[in-house]
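Undergrad: Here's a structure for you.
The values are calculated or read from the model by the stated rules, or taken from the named source; none is laboratory data. Not measured: the values here are computed from a predicted model. Note that each Cβ is placed from the backbone with ideal geometry, even for glycine, and that neighbours are counted across all protein chains shown.
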Amino acid sequence: MIGFGTQLCGDLDAAATREWLVADGLGGYAMGTVAGLRTRRYHGLLMVAEPGLPARRRLGLAALDAVVQLHSGVLAELAVHEWTGGAIAPQGHRRLERFDLVDGLPRWRWRIGDVVLERELAMAPGAPYVVIAHRLVAAPGPVTLTLKALTTWRDAHGERTAGGPDPVMTTVSGAVDGGVVIEGAYRLAGPGWQPAGEWYRGVYAREEAERGLNAVEDLWHAGDFVSTLEPGQVVIVSAWAGDLAGPARPAAEVLAAARTRKQDIARKAADPDFALAADSFVVAGANGPDVVAGYPWFGTWSRDTMTSYEGLFLTSGRAEEGAALLRAYAATLSEGMLANTADTGQTEHNTVDATLWFLHAIDRHVEQTGDHDLARHLAATIEAIVAAHVAGTRYGIRVDPADGLLTQGAPGVALTWMDARVDGVPVTQRAGKAVDVNALWINGLGAAAAVLTRAGRDTGTVDKLRTAALASFRFGPLDDVLDGPPALRPNQVLAYSLPHGPRAGRPLPPMVASALLTPLGLRSLAPDDPAYRGTHRGGPADRDRAYHQGTVWPWLIGPYVQATGDRSALAGLEAHLFEWGLGSVSETAEGDAPHRATGCPFQAWSVAEIFRVRSHL
C-alpha cells in the first residue's frame, strides 16, 4: 500500500506530481493525480481504447466533481481545477485527509469537520468500464452529495473546445440507474441524474504547458448525480463504452472483482509490488496478448515488448500468454524484420534491434519453460531471421562478410533504441556497427542455436556466424559505434549482461558506473561529453534532442545489475515507486541531480527489467 497524509495532499505542487493509474487490460485506463487536479490532457476517469488497437484512445469522462452539502446548508467542493488565468478553484485538495493506493486501486478521504467522505475507483478487467464509489464514512446526520460529470469525447492526444458543436446527450429513461449517453460513444449511470449542459471553459493542464504543447481545453458539464446519504451509505457512478443499451453492471461486483484480482496477483507473487506494476502493461490486442509500452501516451512497440518480455511474462508467471504473443509477433515478420506497430496503429518495419530482442525472448521462454513445441513452431522463423540478416534487409541492415558483425543505417532513419529525430533528422543515428546491436546479434545467434537444438534442427550455420562475430567483437569502452567518434554510453552493458553475449561473465568497465550510474538508472551519455544534456524538458524538439544525450533510462538498470550483480543499484528505483507514477517506474529521468522523472510516469520496460533482476538475484 502507498499512502499520503494531509501534509502532502494539501500541498498542490507535491500532490499534483504524483499520479495514479488503473488500466482496463485493453489499452484504456483511468488516470489522475493524488490531489485530483488534471495536469495532463491524458487525465480522466474513462479513457477508451479502440478495440484491438491499444494506441488509439479517446477520453470520455474527464472528471466527477464532488460537492457535499452539510445539514447546515454549507457547500464543500472537493474537486480541484486549474484555469487559464492561473486560478486554482475549487481547492478541494485542502480538505483531503489522505490518499491511499490499496491493491493498486486509488482511494481518497476528505474531511469537512466531522463529515468524512471516501472515494474509491476501479475498472472492470478486460472492459472499458469504470466505477467510482463514494461512501459517507462519518457525519452527524444526512448530507447531500452532488457529483458533477465533466465530459468530452476527443482523441487522447488533443483537445476539444466550446468552439465546436455541443456534445450530443441522450438521456437514458426507464432504467433504475438512469444517466445519459454522450456522443453515442459512452454512457454514464448512477442515482439521481439531473441533466445540465454547459461548457467549463479554459481548463488548464500544467504538464502539457511544460511539455511545450497546448494546455487548454473546455469540458462539457453534462449533468449531476445527486443523492442524500446517511453515514455508512455508498453511492456509485459508472461510466462505460461498448454495450450502451444494457443495464449497468452491479458496481459493487466490479469493485470486488477488481480488488480480488489485484490481491490474487500480489498474493501469488514473490515480489508483489512489481507484479502489480507489471500487470498494467499486458493487454488484449487485435491478435492476442500484447504490451502497452507506456502510459499515458504510448501504444504497442515491438522493441519495448521484446525487451520487456521476460519480466512481464516469465517473471510474472504468464508464460502461456507469452507464448501466444510470440507466435503472433512471428507472423509480422517481413524480410527478417519484426514489425513495429507504432502509436499510429500502422505496421512498420523500422528497427534493427526489435528482431534481435525477439530471438532473446524466444530463448528465455523455451529455456525457462521447456516449451519444445514453441521451439519447433518458431524454428523456421528463427532460421529465416538469420538468413535475412546475412543476405541483407531494409535500411542497410546486413552482416558484413569481412568480420561477421551486423551493420545498419540509411539516411533519415534511426534504427536502434536511440531513435529520436528532430525535423526528420536523427539525433543519435548510430549508423554502422553499434555495440548494442552486435551484442544482441551475437546473443541472438546463441539464442537461435539453443532453440534450434531443442527443436532438433541443425545449428552449423548459426554456430559459424556466431564464432566469426565473436572473433571480431573488438569494441572498447568508448566504442559506441565501431570506427565512430568516441562516446561513453550505456549500450555496451548488453555485451556483458545478455546470457549469450560476447562478454557475458566478464567485469564491466569501471567508467560505466562512475560516469553513467544514477539512483534512477543509467545516463545515456557521460556528463563530460560536449553533447551531454542534463535536463529533459521543454517543447518536443528540445526533449527529443536530450532524449538520448544524457537523459537517464531506468530500464538500463536491469542489464547493469545483471552484469555486475550489484543489487544495491536498485535502491533508488525501489523508492521511486512512491515518487511519481505511483506503484510504477518512469520512462526517463534527467541526467542532472536530483534526476527529476520525465517521460511516461508508467513505463513497461522500466518495470519489467527491475522486476526481472529483483526476482533473479
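Undergrad: Which residue, of ASP271, ASP279, is among the acidic types (Asp, Glu), touching a strand residue (DSSP E or B) at 6+ places or on another chain (Cβ under 9 Å) and under 27 Å from GLU587 (Cα atoms)? Spell out how you get there, then give the answer.
TA: Details: ASP271 fails: touching a strand residue (DSSP E or B) at 6+ places or on another chain (Cβ under 9 Å).
Being among the acidic types (Asp, Glu), touching a strand residue (DSSP E or B) at 6+ places or on another chain (Cβ under 9 Å) and under 27 Å from GLU587 (Cα atoms) holds for just one of ASP271, ASP279, which is ASP279.
Undergrad: Pick out the one residue from GLY197, GLY158 that is in contact (Cβ under 8 Å) with a residue 60 or more places away in the chain, of a type outside the set (Phe, Trp, Tyr) and either surrounded by fewer than 17 Cβ atoms within 10 Å (Cβ to Cβ) or at positive phi (or both).
TA: Working: GLY197 fails: in contact (Cβ under 8 Å) with a residue 60 or more places away in the chain.
Exactly one of GLY197, GLY158 is in contact (Cβ under 8 Å) with a residue 60 or more places away in the chain, of a type outside the set (Phe, Trp, Tyr) and either surrounded by fewer than 17 Cβ atoms within 10 Å (Cβ to Cβ) or at positive phi (or both), namely GLY158.
Undergrad: Can you tell which of ASP273, ASP264, ASP290 is of a type in the set (D, E, K, R), surrounded by fewer than 16 Cβ atoms within 10 Å (Cβ to Cβ) and not in a loop (DSSP other than H, G, I, E, B)? Walk me through it before giving the result.
TA: Details: ASP273 fails: surrounded by fewer than 16 Cβ atoms within 10 Å (Cβ to Cβ); ASP290 fails: surrounded by fewer than 16 Cβ atoms within 10 Å (Cβ to Cβ).
After ruling out the rest, the residue left standing is ASP264.
Undergrad: May I ask you to say which residue of GLY317, GLY299 is within 16 Å of the chain's Cα centre (by Cα), in contact (Cβ under 8 Å) with a residue 24 or more places away in the chain and in a loop (DSSP other than H, G, I, E, B)?
TA: On the way: GLY317 fails: within 16 Å of the chain's Cα centre (by Cα).
Result: GLY299 is the single residue among GLY317, GLY299 that is within 16 Å of the chain's Cα centre (by Cα), in contact (Cβ under 8 Å) with a residue 24 or more places away in the chain and in a loop (DSSP other than H, G, I, E, B).
Undergrad: Between residues in the range 349-369 that are within 24 Å of ALA410 (Cβ to Cβ) and in a loop (DSSP other than H, G, I, E, B) and residues that are of a type in the set (A, V, I, L, M) and at pLDDT below 95, which pairs lie under 6 Å by C-beta distance while being six or more apart or on different chains?
TA: Here the result reads HIS349/ALA339, each pair linking the range 349-369 to a residue that is of a type in the set (A, V, I, L, M) and at pLDDT below 95.
Undergrad: Ok, one more. Would you check which residues across the range 457-495 are assigned to a helix (DSSP H, G or I), of a type outside the set (Val, Ile, Thr) and over 18 Å from LYS433 (Cβ atoms) and list them? Quick ask: steps written out before the conclusion?
TA: Of the range 457-495, the ones assigned to a helix (DSSP H, G or I) are 460-472, 490-495.
Okay, now just the ones that are also of a type outside the set (Val, Ile, Thr), so 460, 463-466, 468-472, 490-492, 494-495.
Of everything in the range 457-495, those that are assigned to a helix (DSSP H, G or I), of a type outside the set (Val, Ile, Thr) and over 18 Å from LYS433 (Cβ atoms) turn out to be GLY460, ASP463, LYS464.
Undergrad: Still on this structure, I have one more. When you check VAL115 against the structure, is it surrounded by fewer than 23 Cβ atoms within 10 Å (Cβ to Cβ), farther than 25 Å from PHE602 by Cβ, modelled with pLDDT of 95 or more and among the β-branched types (Val, Ile, Thr), yes or no? If you could, list the steps in order and put the result at the bottom.
TA: Numbers: surrounded by fewer than 23 Cβ atoms within 10 Å (Cβ to Cβ): yes; farther than 25 Å from PHE602 by Cβ: yes; modelled with pLDDT of 95 or more: yes; among the β-branched types (Val, Ile, Thr): yes.
The answer is yes for VAL115.
Undergrad: Could you tell me which of the residues HIS349, HIS377 is over 27 Å from HIS536 (Cβ atoms), in contact with a Ser or Thr (Cβ under 7 Å, 6 or more places away or on another chain) and in the same structural domain as TYR329 (by TED's automatic domain parsing)? So that I can check it myself, show each step before the final result.
TA: Details: HIS377 fails: in contact with a Ser or Thr (Cβ under 7 Å, 6 or more places away or on another chain).
The unique qualifying residue is HIS349.
Listed here are the residues, each with its yes/no results for (1) at pLDDT 95 or above; (2) more than 20 Å from LEU255 (Cβ to Cβ); (3) part of a strand (DSSP E or B).
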position: PRO167; (1), (2), (3): yes, yes, no
position: ASP177; (1), (2), (3): no, no, no
position: ARG187; (1), (2), (3): yes, no, yes
position: GLY202; (1), (2), (3): yes, yes, yes
position: TRP220; (1), (2), (3): yes, yes, yes
position: VAL235; (1), (2), (3): yes, no, yes
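Undergrad: Of all residues being assigned to a loop (DSSP other than H, G, I, E, B) and either of a type outside the set (A, V, I, L, M) or on the phi > 0 side of the Ramachandran plot (or both) in the range 16-28, which is nearest to the chain's Cα centre (by Cα)? Just the residue, please. First the steps, then the outcome.
TA: Kept after step one, since they are assigned to a loop (DSSP other than H, G, I, E, B), are these residues of the range 16-28: 16-18, 24-28.
Those still in the list that are either of a type outside the set (A, V, I, L, M) or on the phi > 0 side of the Ramachandran plot (or both) too: 17-18, 24-25, 27-28.
Numbers: THR17: 17, ARG18: 15, ASP24: 13, GLY25: 12, GLY27: 10, GLY28: 11 Å.
If we take residues in the range 16-28 being assigned to a loop (DSSP other than H, G, I, E, B) and either of a type outside the set (A, V, I, L, M) or on the phi > 0 side of the Ramachandran plot (or both), then GLY27 is nearest to the chain's Cα centre (by Cα).
Undergrad: Of all residues in the range 388-416 being in contact with a Leu (Cβ under 8 Å, 6 or more places away or on another chain) and charged (D, E, K, R), which is nearest to LEU333 (Cα to Cα)? Full working, then the answer.
TA: Of the range 388-416, the ones in contact with a Leu (Cβ under 8 Å, 6 or more places away or on another chain) are 389-390, 395, 397-400, 404-405, 408-409.
Of the ones still in play, those that are also charged (D, E, K, R) are 398, 400.
Working: ARG398: 16, ASP400: 22 Å.
Among those that are in contact with a Leu (Cβ under 8 Å, 6 or more places away or on another chain) and charged (D, E, K, R), it is ARG398.
Undergrad: Can we say THR407 is over 23 Å from the mean Cα position of the chain (by Cα), buried (at least 16 other Cβ atoms within 10 Å of the Cβ), hydroxyl-bearing (Ser, Thr, Tyr) and part of a helix (DSSP H, G or I)? Outline the logic, then answer.
TA: Details: over 23 Å from the mean Cα position of the chain (by Cα): yes; buried (at least 16 other Cβ atoms within 10 Å of the Cβ): yes; hydroxyl-bearing (Ser, Thr, Tyr): yes; part of a helix (DSSP H, G or I): no.
Here the answer is no, as THR407 does not meet what is asked.
Undergrad: Report the residue count in the range 41-75 for those that are under 15 Å from the mean Cα position of the chain (by Cα) and within 26 Å of ASP100 (Cβ to Cβ).
TA: 3
Undergrad: THR146 - would you say it is surrounded by 22 or more Cβ atoms within 10 Å (Cβ to Cβ), of a type outside the set (A, V, I, L, M) and assigned to a strand (DSSP E or B)?
TA: Numbers: surrounded by 22 or more Cβ atoms within 10 Å (Cβ to Cβ): no; of a type outside the set (A, V, I, L, M): yes; assigned to a strand (DSSP E or B): yes.
In short, no.
Undergrad: Hey, VAL143 hits all of (1) free of Cβ contacts under 8 Å to residues at least 24 places away in the same chain; (2) under 16 Å from VAL235 (Cα atoms); (3) over 29 Å from the mean Cα position of the chain (by Cα) but one; which does it fall short on?
TA: (1) is the only condition that VAL143 fails.
Undergrad: Across the range 51-79, which residue is surrounded by the most Cβ atoms within 10 Å (Cβ to Cβ) among those that are part of a strand (DSSP E or B) and free of Cβ contacts under 8 Å to residues at least 60 places away in the same chain?
TA: In the first step, residues of the range 51-79 are kept if they are part of a strand (DSSP E or B); the result is 53-69, 75-77.
Then drop every residue that is not free of Cβ contacts under 8 Å to residues at least 60 places away in the same chain, which leaves 75-77.
Details: LEU75: 12, ALA76: 19, GLU77: 17.
Result: ALA76.
Undergrad: Find the residue count for the range 29-50, including only residues that are assigned to a strand (DSSP E or B) and touching a strand residue (DSSP E or B) at 6+ places or on another chain (Cβ under 6 Å). Working first, answer last.
TA: Initially, the range 29-50 is screened for residues assigned to a strand (DSSP E or B), giving 29-33, 44-50.
Next cut, touching a strand residue (DSSP E or B) at 6+ places or on another chain (Cβ under 6 Å) only: 29-31, 33, 44-50.
Looking only at that region, the number is 11.
Undergrad: Among the candidates VAL203, VAL226, single out the residue that is of a type outside the set (S, T, N, Q), more than 22 Å from THR39 (Cβ to Cβ) and surrounded by 15 or more Cβ atoms within 10 Å (Cβ to Cβ).
TA: After ruling out the rest, the residue left standing is VAL226.
Undergrad: If we keep just the residues of the range 360-376 that are within 26 Å of the chain's Cα centre (by Cα) and of a type in the set (A, V, I, L, M), which is surrounded by the most Cβ atoms within 10 Å (Cβ to Cβ)?
TA: Ranking the candidates gives ILE362 first.
Undergrad: Mind telling me which of the residues VAL413, VAL451, VAL399 ends up being in contact with a Pro (Cβ under 8 Å, 6 or more places away or on another chain) and of a type in the set (Val, Ile, Thr)?
TA: Numbers: VAL451 fails: in contact with a Pro (Cβ under 8 Å, 6 or more places away or on another chain); VAL399 fails: in contact with a Pro (Cβ under 8 Å, 6 or more places away or on another chain).
It is VAL413.
Undergrad: Now, a different point. Yes or no: the range 81-88 includes at least one residue that is touching a Leu at 6+ places or on another chain (Cβ under 7 Å), touching a residue at least 60 places away in the same chain (Cβ under 8 Å) and among the charged types (D, E, K, R).
TA: yes
Undergrad: Something else now. Looking at THR588, THR598, THR564, THR535, can you tell me which residue is at negative phi, hydroxyl-bearing (Ser, Thr, Tyr) and surrounded by fewer than 17 Cβ atoms within 10 Å (Cβ to Cβ)? Talk me through it step by step, then tell me what you get.
TA: Working: THR588 fails: surrounded by fewer than 17 Cβ atoms within 10 Å (Cβ to Cβ); THR598 fails: surrounded by fewer than 17 Cβ atoms within 10 Å (Cβ to Cβ); THR564 fails: surrounded by fewer than 17 Cβ atoms within 10 Å (Cβ to Cβ).
Being at negative phi, hydroxyl-bearing (Ser, Thr, Tyr) and surrounded by fewer than 17 Cβ atoms within 10 Å (Cβ to Cβ) holds for just one of THR588, THR598, THR564, THR535, which is THR535.
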